Amino acid sequence: TVLKNGVWVSPIANFFNWDGKCPSGLHGRLLKSEDEGKTWDDSTITMEFPERNITVWEQRLCELENGNLVVIAWNEVLATGERLPNHYAISEDDGKSFCKPISTGIMGQASNLLHIGDNKVLALHCLRRDTGRPGIYGYIVDLANGIWDILSREIIWEPQIPVKADNSVASVFSFLKFGQPSAIKLKDGSYLVTNWVIEDGKGKIAWHNLEII
């Protein structure tokens with residue numbers, strides 16, 4: 001993401017080493033370049049929990065109209081398998097620091113954010129578990145006051161085939177049959193929303209044209 005001040009940023013997250021250890025604990029960082037990619041810095045922590053084994057996977061970031069940066073992540077307690085709501089964190093100083101993680105209240109996994117004006121975002125959440133209707137959900141959220149204020153919610157896409165666990169992979173990934181929702185604004189003012197899905201053993205990309213009224 002290229003910020004209004006010209007800085008390039010991308011949220012990143014650490015994983016376990018090949019020996020299964022993560023000495024610094026799971027957390028997210030902000031990869032940042034102030035010289036158009038010639039040099040990079042990742043010293044800023046975007047999201048970290050007091051407990052050292054909570055994931056901050058699939059982070060996404062957007063910049064609001066007021067200049068605040070918002071990151072969102074997929075959070076689970078690896079030691080117990082407990083699934084947490086997606087959490088977000090806000091930076092009010094151009095990505096130099098972020099507030100503590102705050103729950104969205106949405107029991108999603110991979111998620112994404114797109115600023116749609118007036119400090120509002122289109123939040124896309126991949127809900128695979130903890131719901132009777134798996135799918136990609138879209139939320140209009142007002143973040144003007146730093147609070148996750150949900151204005152509306154719609155289901156954008158849902159799988160045609162029932163989502164069942166794949167017991168051959170780790171439990172945290174066992175329902176990984178669709179995900180990675182993302183969106184861009186088109187010239188006509190509508191939004192192109194995409195996600196991947198595996199159906200009958202085939203990987204596909206689903207796309208949808210979305211209008212926000």
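The values are calculated or read from the model by the stated rules, or taken from the named source; none is laboratory data. Note that the structure is a prediction, hence the values are computed from the model and not measured. Every residue, glycine among them, receives a Cβ derived from its backbone with ideal geometry; neighbour counts consider all protein chains shown. These accessible areas exclude ligands, DNA and RNA; they are computed on the full protein's heavy atoms, side chains included. Shrake-Rupley method; radii C 1.70, N 1.55, O 1.52, S 1.80 Å.
Return the subset of K100/K177; K38/K96; K100/K185; K120/K187; K100/K120 for which the Cα-Cα distance in this structure is over 25 Å, preserving the input order.
The answer is K100/K177; K100/K185.
Would you rank W57, W207 by solvent-accessible area, highest first, keeping every protein chain in place and using a 1.4 Å probe?
W207, W57
With a Cα-only, solvent-free Debye model of the chain, what are the log10 I(q)/I(0) values at q = 0.08 Å⁻¹?
Taken in order of the listed q values, log10 I(q)/I(0) reads -0.28.
Once the stretch 16-113 is represented by equal point scatterers at the alpha-carbon sites, with solvent omitted, what log10 I(q)/I(0) does the Debye formula produce at q = 0.15, 0.16, 0.21, 0.25 Å⁻¹?
Cα-only, vacuum Debye calculation for the stretch 16-113: -0.62, -0.70, -1.10, -1.37.
Arrange the residues H208, H115, H125 by how much accessible surface each exposes, largest first, with a 1.4 angstrom probe.
Highest to lowest solvent-accessible surface, that is H115, H208, H125.
Over every pair of different alpha-carbon atoms in the stretch 31-80, take the mean of 1/r and invert it; report that Kirkwood radius in Å.
Across the stretch 31-80, the inverse of the average 1/r is 13.0 Å.
Calculate, for C22 and S152, the FRET efficiency according to 1/(1 + (r/R0)^6) with r their C-beta to C-beta distance and R0 45 Å; round to the nearest 0.05. List each step's numbers first, then the result.
Numbers: r = 38 Å, r/R0 = 0.85.
The value I calculate is 0.75.
Do any GluC sites (Glu not before Pro) in the stretch 1-57 lie in a DSSP loop with no more than 12 other beta carbon atoms within 10 Å, and if so, which? Mind dumping the intermediate values first?
Numbers: sites: E34, E36, E48, E51; in loops: E34, E36, E48, E51.
Taking the stretch 1-57 and a limit of 12 other Cβ atoms within 10 Å, the loop GluC sites (Glu not before Pro) found are E36, E51.
If one computes P(r) from the Cα atoms of the stretch 44-167, what percent of pairs lie at distances over 18 Å? Walk me through the numbers on the way to the answer.
Details: 3974 of 7626 pairs.
I get 52 percent for the Cα pairs in the stretch 44-167 exceeding 18 Å.
Counting only protein heavy atoms and a 1.4 Å probe, tell me what percentage of the chain's accessible area is made up of carbon and sulfur. The partial results should precede the final answer.
Details: 5830 of 11320 Å².
Looking at the chain in its full context, I get 51 percent from C and S.
What's the magnitude of the charge dipole for the stretch 12-92 around its Cα centre, counting Lys and Arg as +1 and Asp and Glu as -1 at the beta-carbon? Answer in Debye, nearest 20.
300 debye
Among the aspartates and glutamates, which fall within straight-line cross-link reach of K4, defined as a Cα-Cα distance under 19 Å, with same-chain neighbours fewer than 8 residues apart omitted?
Straight-distance partners of K4: E34, D35, E36, D41, E63, E65, E92, D93, D94, D118.
What accessible area per residue, rounded to a whole number of Å², is obtained for the stretch 1-80 using a probe radius of 1.4 Å?
On the way: 4190 Å² over 80 residues.
Per residue, the stretch 1-80 has an accessible area of 52 Å².
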